[in-house]
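One structure is given here, and the rest of the page talks about it.
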Amino acid sequence: MKETLNANAQAVLEVVRSSHNHPTALEVYEAVRKVRPRIGVASVYRILHSLAQQGLIRELGRSDEACRYDGHIERHDHAICTACGALLDLPVEVRLSEEALRSAAQAAGIELHSHEVRLYGLCTACRQRLQAESTED
């Protein structure tokens, strides 16, 4: 049974699903405030957590990384810019064999439930900025 969302939760969900940059909670809060000016930041955090628990959005990154949110909930992989921190959806599927995934999980001592590939490097904007800076010298 699908839970009916209140107006604040619906606004948060719409912001995350329409975003292409995997926003942080504070970025979601700033965008939602434009349509729901009385919403509080704590409410946005609670709603984001609830939406993730319901499987309507995904939380990306925990621990020392800033948590980002993804409205694209189907399994997909990401690229992360090591200069600016941009988190980008990979437009192609990275295929790994089930055997390789299970072997890696077993070696880490975990039971595999899901996986995600993350590629790290410089995004186009940062590469261009660094090239421009190097030609200025």
- Query: Tell me, what are the semi-axes, in whole angstrom and largest first, of the equivalent ellipsoid of the chain as set by the roots of 5 times the Cα gyration tensor eigenvalues?
  - Reply: 29, 25, 12
- Message: Please return the longest range in the chain lying between exposed loop sites, taking GluC sites (Glu not before Pro), DSSP loop only, at most 10 other beta-carbon atoms within 10 Å, and leaving the sites out.
- Response: 4-73
- Per residue Cα convex hull volume in Å³ - calculated over the stretch 1-73: 83 Å³
- Task: Please give the FRET efficiency for CYS126 paired with ARG33, using the beta carbon to beta carbon distance and R0 = 35 Å, rounded to the nearest 0.05.
- Result: 0.75
- Query: Hey, if you put +1 on the Cβ of every Lys and Arg and -1 on every Asp and Glu Cβ in the chain, which of ALA132, VAL41, THR24 ends up farthest toward the positive end of that dipole?
  - Reply: VAL41
- Task: With r as the distance between the Cβ atoms of ASP89 and SER43 and R0 = 25 Å, compute the FRET efficiency 1/(1 + (r/R0)^6) and round to 0.05.
- Result: 0.35
- Message: Amide H of VAL117 versus every other amide H placed in the peptide plane: which residues, excluding those fewer than 5 positions away on the same chain, fall under 5 Å?
- Response: HIS78
- Message: If I build a Gaussian network model for the chain, linking alpha-carbon pairs within less than 10 angstrom, which residue out of VAL15, VAL94, VAL44 has the largest mean-square fluctuation?
- Response: VAL94
- Tell me the Kirkwood hydrodynamic radius of the stretch 75-137 in angstroms, computed as one over the mean inverse distance between distinct C-alpha pairs. 14.0 Å
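All of the numbers you see were taken from the coordinates with simple rules; none came from a lab. Please read these numbers as outputs of a predicted model, since none were measured by experiment. Cβ sites come from the backbone with ideal geometry, for glycine too, and all protein chains shown count toward neighbours.
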